[in-house]
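S.K.: I am attaching a structure below and will ask some questions about it afterwards.
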Amino acid sequence: MALEPHLIKLDLKGDERGSLIALEALRNVPFAIKRTYFIFGTLPGVRRGKHAHRRLRQLAVCVHGGCKIALDDGRSQATVELKSPDMALYVPPMLWHEMFDFSEGCVLLVLAEDHYDERDYIRNYEQFLLSVRK
Ligand code: T46
């Protein structure tokens, strides 16, 4: 099981008709998928996310356009740019993440390991820091 956030290069199938990318549980997606959602119609200057998940593992792909994702594990910070549909970001549990700089028309697809459960969210940054530093 991958513990650190990392980028996954997706296999692009293309021919004269266009392109296709497949996402498969336990193959190029490192967990079984129970839920998929997508974020679109974001306005300029918007920042989303601003939370960590206690247990949930996710994979994010900008299937159209691009955005940046700021990552923070409580000790170090990094920013990843997703701007190509063949690049996915694995987002492990207990990682504070914020999405920003959405391009016009950006569609961010997210695959999640479990159903939606608000109890899995840590939405307070101080509480997040206390949890990771325990
Ligand atoms: C995450 C980042 C990358 C649902 O009802 N079902 C769902 O599956 C999801 C994901 C959200 N919601 C509701 C909860 C809120 O009332 O949709 C509303 C917006 O959710 P939220 O403010 O959490 O959206 P983001 O963009 O800040 O965060 C989302 C995911 O919630 C989160 O798990 O990791 O995208």
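The values are calculated or read from the model by the stated rules, or taken from the named source; none is laboratory data. None of the values given here were measured: they were computed from a predicted structure. Ideal geometry is used to build each Cβ from the backbone, glycine not excepted, and the neighbour counts take in all protein chains shown. These accessible areas exclude ligands, DNA and RNA; they are computed on the full protein's heavy atoms, side chains included. Shrake-Rupley method; radii C 1.70, N 1.55, O 1.52, S 1.80 Å.
S.K.: When Asp73 is evaluated against the numbered criteria (1) acidic (Asp, Glu); (2) under 13 Å from the mean Cα position of the chain (by Cα); (3) away from the ligand (no atom under 14 Å from the Cβ), which criterion, by number, is the only one it fails?
M.R.: Of the numbered conditions (1) acidic (Asp, Glu); (2) under 13 Å from the mean Cα position of the chain (by Cα); (3) away from the ligand (no atom under 14 Å from the Cβ), the odd one out for Asp73 is (2).
S.K.: Moving on to the next point. Which members of region 76-93 meet the condition of being away from the ligand (no atom under 12 Å from the Cβ), under 18 Å from Glu4 (Cβ atoms) and assigned to a loop (DSSP other than H, G, I, E, B)?
M.R.: If the condition is that a residue be away from the ligand (no atom under 12 Å from the Cβ), under 18 Å from Glu4 (Cβ atoms) and assigned to a loop (DSSP other than H, G, I, E, B), then Ser76 is the only one that fits.
S.K.: Please verify whether Glu118 is more than 11 Å from the ligand (Cβ to nearest atom), surrounded by fewer than 16 Cβ atoms within 10 Å (Cβ to Cβ) and not hydroxyl-bearing (Ser, Thr, Tyr), treating the condition exactly as stated.
M.R.: When the stated conditions are applied, Glu118 does not pass them.
S.K.: Sticking with this structure for a sec: Search region 6-40 for residues being assigned to a strand (DSSP E or B) and among the polar types (S, T, N, Q), and hand back the single one that is nearest to His64 (Cα to Cα).
M.R.: In this case the residue turns out to be Ser19.
S.K.: Say we look at region 1-57 and pick out the residues that are hydroxyl-bearing (Ser, Thr, Tyr) and over 14 Å from the mean Cα position of the chain (by Cα); which of these is most open to solvent (accessible area, probe 1.4 Å)?
M.R.: Ser19
S.K.: Mind listing whichever residues of region 35-70 are among the β-branched types (Val, Ile, Thr) and within 12 Å of the ligand (Cβ to nearest atom)?
M.R.: Residues satisfying the conditions are Thr36, Ile39, Thr42, Val46, Val61, Ile69.
S.K.: Related question: Is region 17-34 home to any residue that is within 27 Å of Leu130 (Cα to Cα) and within 11 Å of the ligand (Cβ to nearest atom)?
M.R.: Within region 17-34, not a single residue is within 27 Å of Leu130 (Cα to Cα) and within 11 Å of the ligand (Cβ to nearest atom).
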